[in-house]
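S.K.: Got a structure for you, questions after.
The values are calculated or read from the model by the stated rules, or taken from the named source; none is laboratory data. Since the structure is predicted, the reported quantities are computational estimates derived from the model, not experimental observations. In this analysis, Cβ positions are derived from the backbone assuming ideal geometry, glycine residues included, and neighbour counts consider all displayed protein chains. Remember, those area values only see protein heavy atoms, side chains included, never the ligands or the DNA or RNA. Shrake-Rupley method; radii C 1.70, N 1.55, O 1.52, S 1.80 Å.
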Amino acid sequence: MMRFLLLFSRQGKLRLQKWFTPLVERERKKVVRDMTLMVLGRPPRSCNFLHWKDLKVVYKRYASLYFCCGLDDKDNELLALEVLHRYVELLDKYFGNVCELDIIFNFEKAYFILDEFLMGGEVQETSKVTVAKSIEASDMLQETMEEYMSKPAF
Amino acid sequence: MPAVSKGDGMRGLAVFISDIRNCKSKEAEIKRINKELANIRSKFKGDKALDGYSKKKYVCKLLFIFLLGHDIDFGHMEAVNLLSSNKYTEKQIGYLFISVLVNSNSDLIRLINNAIKNDLSSRNPTFMNLALHCIANVGSREMAEAFAADIPRILVAGDTMDSVKQSAALCLLRLNRTSPDLVPMGEWTSRVVHLLNDQHLGVVTAATSLITTLAQKNPEEFKTSVSLAVARLSRIVTSASTDLQDYTYYFVPAPWLSVKLLRLLQCYPPPEDAAIRGRLSECLETILNKAQEPPKSKKVQHSNAKNAVLFEAISLIIHHDSEPTLLVRACNQLGQFLQHRETNLRYLALESMCTLASSEFSHEAVKTHIETVINALKTERDVSVRQRAVDLLYAMCDRSNVQQIVAEMLNYLETADYSIREEIVLKVAILAEKYAVDYTWYVDTILNLIRIAGDYVSEEVWYRVIQIVINRDDVQGYAAKTVFEALQAPACHENLVKVGGYILGEFGNLIAGDPRSSPLVQFNLLHSKFHLCSVPSRALLLSTYIKFINLFPEVKGTIQEVLRSDSQLRNADVELQQRAVEYLRLSCIASTDILATVLEEMPPFPERESSILAKLKRKKGPGMVPDIEEGRKDKNVNGGMEPISTNATTKSTPSPSTDLLSLGSSPALSSAPPSSSAGGLLVDVFTENHAPAAPGVPMGPVADDNFSRFVCKNNGVLFENQLVQIGLKSEFRQNLGRMYIFFGNKTSTQFLNFSSSVICQDSLKTQLSIHIKPADPTVDGGAQLQQILNIECVSDFVEAPVLSIQFRYGGTLQNIAVKLPITLNKFFQPTEMTSQDFFQRWKQLSSPQQEVQKIFKAKHSMDTEVTKAKIIGFGVALLDRVDPNPSNFVGAGVIHTKTTQVGCLLRLEPNTQAQMYRLTLRTSRDTVSQRLCELLSDQF
């Protein structure tokens, strides 16, 4: 089971955090600090796996963003790497060539897409088509572009 | 501004985010945030009712601010309001806010639960999914209480949409993890298991996760999932890469589901049904074969997914540990990966081999890769890969290769990353101790360790070397010589000074014959380091000096001179000053005899779990250091091999603190053993005063009321009447034991002609040898008399010896006879082992005379923790997670007698409904099984 998923930039700015087990705020901050320090300090082309306390850590860099997750001791690292990749693919499909800015400005979307894919730290739906469909379906429930532009800025 | 704005972009939010991004400084950002917070607060408080959109926008802004790392203390109510909106997007943001900013405010939880309840019963799949996600994200106990009953119903209902089923399965899984007591499966079990047959692969994937977690806790109930999982797996691995459509990932059919099915199967032993077993073997072979096929794609995703399945299959093969051909193939496959150009694969191969190394079947096969692994240690660029190589070397180490492996680790230590040095030091220390064939090599290795990485040598490591040197007299002279030589180096690490000081203080006399290491030379050498050391080390050296005064009267003058100097007697540090004053005084006033008694050589340390091992376990977290301790130690269980280094075997003697030098506490002549008057070594009192078998002593009825209370513990009150209280304190190690008996005179009158003896009847005389030291013939009123019993177990025995005491109280002769709780189980050494080892041994001990079973009614309440404590107290290692049924208890240990060792396995199966237990004992000797069963069954 995945314990947490973090997205952070090369400068160590946290862009998304998802916790699948309850942790108090102080512990969360420590995890984030340790992960960014550890992962950002790795030389390029190192292997994608680490041990941290009793967890396995799997991370991968996509452009300017690091995707990093903590796994239980028995979990499959290679597959976790593909969980990260599938998430990137889903973001890509939704935003069209996703970049860090998309995730900053549409952070709530990034969370929604993640929720369609993972739940309670387990993979819920691995089919890209199905996930994408359900995200689009929920977008259909939303406003049109004209509505968007006519909204007040404050 | 965002590159794309799909769906319901909120303009105000986008503006705010770009404002924040444009802030040049942290202060500016905080200012902008405070402005926004004030704005939102005023909107929320304002008279005008906010429309849904504005509410959503502000809640979303608050969420953004929170995710930036700022505290949010309002807005929860508005978020809860959004939950009951009819608009999907508003509801969605409401749920997101609740999920991220969980607040255990009970009023709100009630409102949130209400909203969730409405959505769950809405029959709108999107709303149901949102609600289920919220439950899974928050996962609090209150939520579990509210919904644990509803979710299984949604999961198995015939009309539930697939996507909702998936969410329900995982939501249930989440609740089961946090509040397992609230999620009773019972009636749902078989319908949940049958989800494995579902048409929709997404549903099967989610259900497999759920079933795996439930099966880990309750394997028996989910046993039927095995055949379904094998069938499903078989269909996947034999399918063409396009059959599964969208569930094929880069030409690999359903990798997630495959891995989950393989994980599920790891909750169980190999299937008993030959057909299912065969089908599973075929699957595993197919997976192994596919690894040899050329890749269908050059993309890394393809090879990752394919290898993920392969590694999981190998884990299952290792878990089953039953098919030698598959094990060998797995080992070969991992061997190939060890040299793969992908760093990730090398890393994983090293990791998997660690578990393979702990299997008895494949340990030898793993050892053939030693050169590759050593090479990895030397050449890998990535520190985390090198660390796995260290782990694997540690796991594959045994007596045949320990010298090579330790040498390589020491080599590596010189250039190793600072972050992993301490761990390597611990590992070297453990291996050197555990597999030492020759203790001179051990001493050399540890001194080398201190030389190379002195700063990383923790106290536990150098404490341990001293414990070992003190416990083995064959190495003491060598140790003294070696530390003496090592101390010659102009700059040596302080840890070496400590070890050197301690060892020379104890055993310097063994090398004092050589004029090159005469007492004075030894003293001058140590004292030359004195001023460079920290306070604790100086304190230790002062103790060494006073020990020197006892060992070498000829240097007394020189040492007294040193102690008398102002820098000692008036030292600013109170500890040093006190030691100097007291030692000086002691050396002046005490006679040689008293000095010799006070400063006697240290008695052997009680055997206990290596404190180094404990430290390594702490460092790595529990469960990360299983290999050498649990995996292969089982050889001892059959009593075939005598362990050479008993020091490393685990023993749950309540150990005194690891601070063996008691530095920093009062000076207390730390080296004088508390029980020195009792004669130090267990064996050296055996020559004294054999307790008379006393056949003529008149014996009244033998009291045994409290006897059974001592089966699982060692201390307590054995007997009490109006006159006298008899207390016991005992300790056992291997086949030896020592018992302290305390006779308390409860009256105000003196007991006269007090005498005590221990009587062994009939065959017990040859099975147990007991020596008692004579006690004072008088016990004053209100006083306590202590008597020491030394016990040796010669062979296994059934009866208990009887303690008989006589004394005169107020003119009448009192006779008391009490059964002494010296029982066979006292001579247990606990043995840790893995589940597979346990059941393998279990099967080997299956002949009828080896097994004794008893089914009996519980006499006490059936409390798990109490039962655990009793089993541990009984002397065996309580093996956690070994029995597939978690409510059963299993244990393993070895009975040590002088003539033989008997490995014992036990299993206790409680049935809480019937208030009954079934206890099964299997040992290689029928009399032992019988006796242990009698003893233990009486305890529950």
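S.K.: Out of everything in the stretch B:262-280 that is without any contact (Cβ under 8 Å) to a residue 24 or more places away in the chain and in a helix (DSSP H, G or I), what residue ends up being least open to solvent (accessible area, probe 1.4 Å)?
M.R.: Ranking the qualifying residues of the stretch B:262-280, first place goes to B:GLY278.
S.K.: Of the conditions (1) open to solvent by 10 Å² or more (accessible area, probe 1.4 Å); (2) not in a strand (DSSP E or B), B:ILE816 satisfies every one except a single condition; which number is it?
M.R.: Looking at each condition in turn, B:ILE816 falls short on (2).
S.K.: Which of the residues belonging to the stretch A:59-92 are part of a helix (DSSP H, G or I) and either in contact (Cβ under 8 Å) with a residue 24 or more places away in the chain or in contact with a His (Cβ under 9 Å, 6 or more places away or on another chain) (or both)?
M.R.: The answer is A:GLU77, A:ALA80, A:LEU81, A:VAL83, A:LEU84, A:HIS85, A:ARG86, A:TYR87, A:VAL88, A:GLU89, A:LEU90.
S.K.: Taking the stated definitions as given, is B:LEU431 within 25 Å of A:SER46 (Cβ to Cβ), in contact (Cβ under 8 Å) with a residue 12 or more places away in the chain and in contact with a helix residue (DSSP H, G or I) (Cβ under 8 Å, 6 or more places away or on another chain)?
M.R.: Values: within 25 Å of A:SER46 (Cβ to Cβ): no; in contact (Cβ under 8 Å) with a residue 12 or more places away in the chain: yes; in contact with a helix residue (DSSP H, G or I) (Cβ under 8 Å, 6 or more places away or on another chain): yes.
So B:LEU431 does not fit the description; no.
S.K.: Could I ask something else about it? Run down A:PHE20, A:PHE67 and say which single residue is facing another protein chain (nearest Cβ under 9 Å) and either open to solvent by less than 30 Å² (accessible area, probe 1.4 Å) or under 16 Å from the mean Cα position of the chain (by Cα) (or both).
M.R.: Details: A:PHE67 fails: facing another protein chain (nearest Cβ under 9 Å).
Of A:PHE20, A:PHE67, the one residue that is facing another protein chain (nearest Cβ under 9 Å) and either open to solvent by less than 30 Å² (accessible area, probe 1.4 Å) or under 16 Å from the mean Cα position of the chain (by Cα) (or both) is A:PHE20.
S.K.: Can you name the residue in the stretch A:81-93 that is touching a Lys or Arg at 6+ places or on another chain (Cβ under 9 Å) and facing chain B (nearest Cβ under 7 Å) and, of all such residues, is most open to solvent (accessible area, probe 1.4 Å)? Can you show your working first?
M.R.: Residues of the stretch A:81-93 that are touching a Lys or Arg at 6+ places or on another chain (Cβ under 9 Å), as a first pass: A:81, A:84-86, A:88-91, A:93.
Retained after the next criterion (residues that are facing chain B (nearest Cβ under 7 Å)): A:81, A:85.
Numbers: A:LEU81: 5, A:HIS85: 24 Å².
In this case the residue turns out to be A:HIS85.
S.K.: In the stretch A:97-122, which residues are within 30 Å of B:VAL204 (Cα to Cα) and at the interface with chain B (Cβ under 7 Å from one of its Cβ atoms)?
M.R.: If the condition is that a residue be within 30 Å of B:VAL204 (Cα to Cα) and at the interface with chain B (Cβ under 7 Å from one of its Cβ atoms), then A:GLU108, A:TYR111, A:PHE112, A:ASP115, A:MET119, A:GLY120, A:GLU122 are the ones that fit.
S.K.: Given the options B:LEU338, B:LEU392, name the one that is touching a His at 6+ places or on another chain (Cβ under 8 Å) and within 14 Å of chain A (Cβ to nearest Cβ).
M.R.: B:LEU338
S.K.: Does B:GLU423 satisfy being in contact (Cβ under 8 Å) with a residue 60 or more places away in the chain, open to solvent by less than 40 Å² (accessible area, probe 1.4 Å) and over 30 Å from B:GLN840 (Cβ atoms)? Give the steps one after another, and end with the answer.
M.R.: Working: in contact (Cβ under 8 Å) with a residue 60 or more places away in the chain: yes; open to solvent by less than 40 Å² (accessible area, probe 1.4 Å): yes; over 30 Å from B:GLN840 (Cβ atoms): yes.
So B:GLU423 passes the test.
S.K.: Still on this model: Are any residues in the stretch A:17-54 under 20 Å from B:ASP391 (Cα atoms) and assigned to a loop (DSSP other than H, G, I, E, B), and if so, which ones?
M.R.: The answer is A:SER46, A:CYS47, A:ASN48, A:LYS53, A:ASP54.
S.K.: Let me ask you something else. Only strands (runs of 3 or more DSSP E) wholly contained in the stretch B:822-936 count here; list those with 1 or more residues that are closer than 30 Å to B:LYS765 by Cβ, open to solvent by 20 Å² or more (accessible area, probe 1.4 Å) and in contact with a helix residue (DSSP H, G or I) (Cβ under 7 Å, 6 or more places away or on another chain).
M.R.: Numbers: elements: B:828-830, B:851-857, B:877-879, B:889-896, B:901-911, B:916-923.
Those strands (runs of 3 or more DSSP E) span B:851-857, B:916-923.
S.K.: Need a quick list: strands (runs of 3 or more DSSP E) entirely within the stretch B:720-797 having at least 2 residues that are under 25 Å from B:VAL894 (Cβ atoms). Outline the logic, then answer.
M.R.: On the way: elements: B:724-733, B:736-745, B:752-759, B:768-772, B:784-793.
By residue number, B:724-733, B:736-745, B:768-772, B:784-793.
S.K.: Now for a different question. Just to be sure I understand the filter: pairs with C-beta atoms under 6 Å, separated by 6 or more residues or on different chains, first member in the stretch B:358-378 and in the same structural domain as B:PHE337 (by the TED database) and under 12 Å from B:TYR412 (Cβ atoms), second member assigned to a helix (DSSP H, G or I) and open to solvent by 10 Å² or more (accessible area, probe 1.4 Å). Which pairs pass?
M.R.: Cβ pairs passing all conditions: B:ILE374/B:GLU408; B:LEU377/B:ARG386; B:LEU377/B:TYR412.
S.K.: Continuing with the same structure: A:ARG45: basic (Lys, Arg), at negative phi and more than 7 Å from chain B (Cβ to nearest Cβ), yes or no? Quick ask: steps written out before the conclusion?
M.R.: Working: basic (Lys, Arg): yes; at negative phi: no; more than 7 Å from chain B (Cβ to nearest Cβ): yes.
No, not satisfied.
S.K.: Residues in the stretch B:141-184 that are within 15 Å of B:PHE127 (Cβ to Cβ) and open to solvent by 30 Å² or more (accessible area, probe 1.4 Å): how many?
M.R.: 3
S.K.: For the stretch A:43-58, give me the residue count where each residue is surrounded by fewer than 17 Cβ atoms within 10 Å (Cβ to Cβ) and without any contact (Cβ under 8 Å) to a residue 12 or more places away in the chain. Spell out how you get there, then give the answer.
M.R.: Let us first name the residues in the stretch A:43-58 that are surrounded by fewer than 17 Cβ atoms within 10 Å (Cβ to Cβ), namely A:43-45, A:52-54.
Checking the rest, the ones that are also without any contact (Cβ under 8 Å) to a residue 12 or more places away in the chain come to A:43-45, A:53.
Total meeting the criteria: 4.
S.K.: Of all residues in the stretch B:544-582, count the ones that are touching a Pro at 6+ places or on another chain (Cβ under 8 Å) and part of a helix (DSSP H, G or I).
M.R.: Here is the first cut: in the stretch B:544-582, the residues touching a Pro at 6+ places or on another chain (Cβ under 8 Å) are B:548, B:551-552, B:554-555, B:575, B:578-579, B:582.
In the following step, the residues that additionally are part of a helix (DSSP H, G or I) were identified as B:548, B:551, B:554-555, B:575, B:578-579, B:582.
Residues that pass the stated criteria total 8.
Okay, residues lined up against (1) touching a helix residue (DSSP H, G or I) at 6+ places or on another chain (Cβ under 7 Å); (2) open to solvent by 30 Å² or more (accessible area, probe 1.4 Å); (3) farther than 30 Å from B:LEU426 by Cβ; (4) modelled with pLDDT of 90 or more:
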position	(1), (2), (3), (4)
B:GLN568	yes, no, yes, no
B:ALA572	no, yes, yes, no
B:ILE589	no, yes, yes, no
B:PRO604	yes, yes, no, no
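S.K.: From the list B:ARG841, B:ARG931, B:ARG881, exactly one residue is under 19 Å from B:ILE822 (Cα atoms) and of a type in the set (Lys, Arg). Which is it? Outline the logic, then answer.
M.R.: Details: B:ARG841 fails: under 19 Å from B:ILE822 (Cα atoms); B:ARG881 fails: under 19 Å from B:ILE822 (Cα atoms).
Exactly one residue qualifies, and that residue is B:ARG931.
S.K.: Quick one: is B:ASP455 of a type in the set (D, E, K, R) and more than 17 Å from B:GLU601 (Cβ to Cβ)?
M.R.: On the way: of a type in the set (D, E, K, R): yes; more than 17 Å from B:GLU601 (Cβ to Cβ): yes.
The answer is yes for B:ASP455.
S.K.: What is the number of the single condition among (1) away from every other protein chain (no Cβ under 14 Å); (2) in a loop (DSSP other than H, G, I, E, B) that B:CYS283 does not meet?
M.R.: Of (1) away from every other protein chain (no Cβ under 14 Å); (2) in a loop (DSSP other than H, G, I, E, B), only one is false for B:CYS283: (2).
S.K.: So how many residues does the stretch B:47-95 have that are of a type in the set (A, V, I, L, M, F, W, C), closer than 20 Å to B:VAL15 by Cβ and part of a helix (DSSP H, G or I)? Give the steps one after another, and end with the answer.
M.R.: Residues of the stretch B:47-95 of a type in the set (A, V, I, L, M, F, W, C): B:49-50, B:59-60, B:62-68, B:72, B:74, B:77, B:79-80, B:82-83, B:93.
Next, from what is left, pick out any that are closer than 20 Å to B:VAL15 by Cβ: B:50, B:59-60, B:62-68, B:72, B:93.
Now narrow it down to the ones that are part of a helix (DSSP H, G or I): B:59-60, B:62-67, B:93.
So the count comes out to 9.
S.K.: Oh, and also: Does at least one position in the stretch A:30-42 carry a residue that is within 8 Å of another protein chain (Cβ to nearest Cβ), open to solvent by 40 Å² or more (accessible area, probe 1.4 Å) and under 23 Å from A:ALA110 (Cα atoms)?
M.R.: no
S.K.: Take the residues in the stretch B:25-43 that are open to solvent by less than 30 Å² (accessible area, probe 1.4 Å) and of a type in the set (A, V, I, L, M, F, W, C); name whichever of them is farthest from B:LEU68 (Cα to Cα).
M.R.: Only one residue fits best here, namely B:ILE40.
S.K.: Right, something else. Residue by residue through the stretch B:30-69, note down the ones that are under 51 Å from the mean Cα position of the chain (by Cα) and of a type in the set (Val, Ile, Thr).
M.R.: If the condition is that a residue be under 51 Å from the mean Cα position of the chain (by Cα) and of a type in the set (Val, Ile, Thr), then B:ILE30, B:ILE33, B:VAL59, B:ILE65 are the ones that fit.
S.K.: Would you say B:GLU582 is within 44 Å of the chain's Cα centre (by Cα), crowded, with 19+ Cβ neighbours inside 10 Å, within 26 Å of B:TRP462 (Cβ to Cβ) and touching a residue at least 60 places away in the same chain (Cβ under 8 Å)?
M.R.: no
S.K.: Considering B:TYR412, B:TYR394, which residue is among the hydroxyl-bearing types (Ser, Thr, Tyr) and crowded, with 23+ Cβ neighbours inside 10 Å? First the steps, then the outcome.
M.R.: Values: B:TYR412 fails: crowded, with 23+ Cβ neighbours inside 10 Å.
Just a single option satisfies the conditions, and that option is B:TYR394.
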